[in-house]
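Asker: My structure is below; once you've seen it, I'll send some questions.
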Amino acid sequence: MRTEQPSQSEYNRARVMRFLYNNGVASRAQIAKALDLTPAAITKITAKLIEDDLISETGEIEGARNRRSIGLALDTERFHVIGVKFARSLIQVGLFDLGGNAAQIWVDTTADHPSIADAVAALKRLINDIIARFGDVIAIGMAVPGPYLKDRGRTAVVSSMQEWRDVNFPDTFADAFDVPVVIEQDARAGALAQQLFGADTQQTDAHSAQGAQNSAQQRDLAYYLIGEGVGLGVIEHGRTIDGARGTATEIGHVSIDVNGKACDCGNHGCLERYCSAVAIHETLDEALAEGDAIVEGSDELSHIEACEALFALAERGDERALALVRDIGTVVGYGLVTIINAFNPPRIIIGDIVAHGGETLLDAAQRVVDERVLDDLARTTHITLSDMPTDAAVTGAAAVAITAFLEQPSRFVDLIRRQTPSAST
């Protein structure tokens, strides 16, 4: 996620914030060693962060050589953020603490509104109600379908939901609330969520310089979003790959069959036309129409419900369901081949609706990688399913807001002081 170039002092404040966020309680000496900054510099930086009520002292902890030190911490339960995930058929809104834990999730089906404008108005009312009710919200993150043109603030194409192309997200939402709004493409938002909250991104040697470097490397990853659309977010050297206009890594519109199905983007044979939840639902409905149903009544289900019904059948051993899930996994594998060859990430995490295809889907995808990728690359690319549930797609939006808070802490000082008047007295 790109932000304006910070000053050196803000950059160092952000480094301290991120370190405490990732590692919990630490002393000033431990932070200085891990970040390769002088003790005097850390004393100055942390004093400012404490003054601004961004971090706090926790009391004595055991330091190096059994010396007693004062611990510092960033309280992840003190503030909340709102995450908003826009999808083709619904909008998810979640209230989260800074650790990514959801306090509540709201779901609004766009079909229930007569127009996109009405859906947007309802969303604004809901968010303002949440802010007024909880009183400690410091930021809103929004995850929107790609391709997202950051320079124009619009999605370039949203298959089957073209009306969203008329919404300028920054113009519509930036000044609609009393807290900052940060907008990101949904797959990149998912990558940020995996970086912040994923089970395998915790630092193993939290208080050493080498440990900090290893942790940064561990957090480099690709998040392969396969939901109602297909997208990709890549984090390299701790930063997302955005491209000139924000549409980089748009894997869903890479063609896997130049003579294949037409796509709303103008291309043919796009990956998302074969393995997205929408494409899977179409396949199930076609089988139903032909009198050879795999999922009975699929035409009366939502995209998510249809996919979950298919995966449940496969889990119970239904041979036709298993065959279809393997076919889907094979197509997912074609996407993995492109991701590995184009970006060479150390880890690829498959997430969102279709990830619930489970090990059957993953095994089929891995077979394609083993067959079609150079052995040296295939062996050194770790491919897993996300450890976050489908509803946690909105967690990616929360991660966008939390990342903005960690990267530009000074931007939030005045807001925090307004919410906690005692902090400035």
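The values are calculated or read from the model by the stated rules, or taken from the named source; none is laboratory data. Given the structure is predicted, the values throughout are model-derived calculations rather than measurements. Neighbour counts are summed over all protein chains in view; Cβ atoms, including those assigned to glycine, are modelled from backbone coordinates with ideal geometry. Accessible surface areas use protein heavy atoms only, side chains included; no ligands, DNA or RNA. Shrake-Rupley method; radii C 1.70, N 1.55, O 1.52, S 1.80 Å.
Asker: Taking only Cα atoms, what is the 0 to 90° angle, nearest 10, from helix 116-134's long axis to the longest principal axis of the chain?
Answerer: The angle comes out near 30 degrees.
Asker: Here is a further query. Going by average Cβ density within 10 Å per residue, which order do the peptides 337-346, 350-359 take, highest to lowest?
Answerer: 350-359, 337-346
Asker: For a quick check: with amide H placed at 1.01 Å from N, whose amide H comes under 5 Å from Ser27's, ignoring anything fewer than 5 positions away on the same chain?
Answerer: Answer set, sorted by chain and number: Leu72.
Asker: Would you kindly calculate the translational diffusion coefficient of segment 206-385, applying Stokes-Einstein with the Kirkwood radius from alpha carbon pairs, for 37 °C and a viscosity of 0.692 mPa s, and quote it in µm² s⁻¹ without decimals?
Answerer: Taking Rh from Cα pairs, D becomes 191 µm²/s.
Asker: Using +1 at the Cβ of each Lys and Arg and -1 at the Cβ of each Asp and Glu in the chain, identify which of Val181, Ile304, Gly333 lies farthest towards the dipole's positive end.
Answerer: After comparing all options, I get Val181.
Asker: Shifting gears a bit: All other residues with a Cβ under 13 Å from the Cβ of Leu74 taken together, and with Lys, Arg as +1 and Asp, Glu as -1, what is their net charge?
Answerer: Here the charged neighbours net out to -2.
Asker: Using alpha carbons only, how many degrees (0 to 90, rounded to 10) separate the axis of helix 277-289 from the longest principal axis of the chain?
Answerer: Taking the Cα atoms of the chain, the angle to 277-289 is about 20 degrees.
Asker: If you don't mind, there's one more thing I want to ask. Please list, in chain and number order, the residues 5+ apart from Gly246 or on another chain whose amide H is under 5 Å from its amide H, with Hs placed from the backbone.
Answerer: The list, which skips near neighbours in sequence, is Lys150.
Asker: A further question follows. Any aspartates and glutamates with Cα under 17 Å of the Lys33 Cα? List them, leaving off those in the same chain fewer than 8 positions away.
Answerer: Result set, ordered by chain and number: Glu62, Asp205.
Asker: Using helices alone, what [θ] at 222 nm do you get for the chain, with -39,500 (n - 2.57) per DSSP H run of 4 or more residues, divided over all residues and rounded to the nearest 500?
Answerer: -13000 deg cm²/dmol
Asker: Which aspartates and glutamates, if any, have their Cα less than 19 Å from the Cα of Lys261, not counting same-chain residues under 8 positions apart?
Answerer: The qualifying aspartates and glutamates are Glu228, Glu250, Glu272, Glu282, Asp285, Glu286, Asp327.
Asker: Select from Ile140, Ile280, Gly190 the residue farthest towards the positive end of the dipole of the chain; place +1 on Cβ of Lys and Arg, -1 on Cβ of Asp and Glu, and compute about the Cα centre.
Answerer: So the residue furthest toward the plus end is Ile140.
Asker: If you don't mind, there's one more thing I want to ask. Per residue, how much space in cubic angstrom lies within the convex hull of the C-alpha atoms of the chain?
Answerer: 154
Asker: Next question, about the same structure. Can you work out ³J(HN,Hα) from phi for every residue in segment 263-272, in order, using Karplus 6.51 cos²θ - 1.76 cosθ + 1.60 and θ = phi - 60°, giving whole Hz and x for Gly and Pro?
Answerer: Those phi angles translate into 10, 4, 6, x, 8, 10, x, 4, 3, 5 Hz.
Asker: Could you order Glu300, Glu308, Glu236 by accessible surface area, starting with the largest, using a probe radius of 1.4 Å?
Answerer: Glu300, Glu236, Glu308
Asker: Relative to the Cα centre, what is the charge dipole magnitude of segment 206-385, using +1 at the beta carbon of each Lys and Arg, -1 at the beta carbon of each Asp and Glu, and rounding to the nearest 20 debye?
Answerer: Charge dipole, segment 206-385, about its Cα centre: 1020 debye, nearest 20.
Asker: Report the convex hull volume per residue for segment 8-73, counting only C-alpha atoms, in Å³.
Answerer: 76
Asker: Can you work out ³J(HN,Hα) from phi for every residue in segment 343-352, in order, using Karplus 6.51 cos²θ - 1.76 cosθ + 1.60 and θ = phi - 60°, giving whole Hz and x for Gly and Pro?
Answerer: With the stated coefficients, segment 343-352 comes to 10, 6, x, x, 9, 10, 10, 8, x, 6 Hz.
Asker: In debye, nearest 20, what is the charge dipole magnitude of segment 8-73 about its Cα centre with +1 on Lys and Arg Cβ and -1 on Asp and Glu Cβ, if you could check?
Answerer: Dipole magnitude for segment 8-73 comes out near 300 debye.
Asker: So which of Lys85/Lys150; Lys48/Lys85; Lys124/Lys150 end up more than 24 Å apart by C-alpha?
Answerer: Beyond 24 Å between Cα atoms: Lys48/Lys85.
Asker: Nearest 10 degrees, 0 to 90: what angle lies between the long axis of helix 393-407 and the longest principal axis of the chain (Cα atoms)?
Answerer: Approximately 30 degrees, to the nearest ten.
Asker: Kindly report, to the nearest 10 Å², the accessible surface of Met17 as traced by a 1.4 Å probe over protein heavy atoms only.
Answerer: 0
Asker: Size of the dipole of the chain about the Cα centre, Lys and Arg at +1 and Asp and Glu at -1 on the beta carbon, nothing else charged, in debye to 20?
Answerer: Dipole about the Cα centre, nearest 20: 2160 debye.
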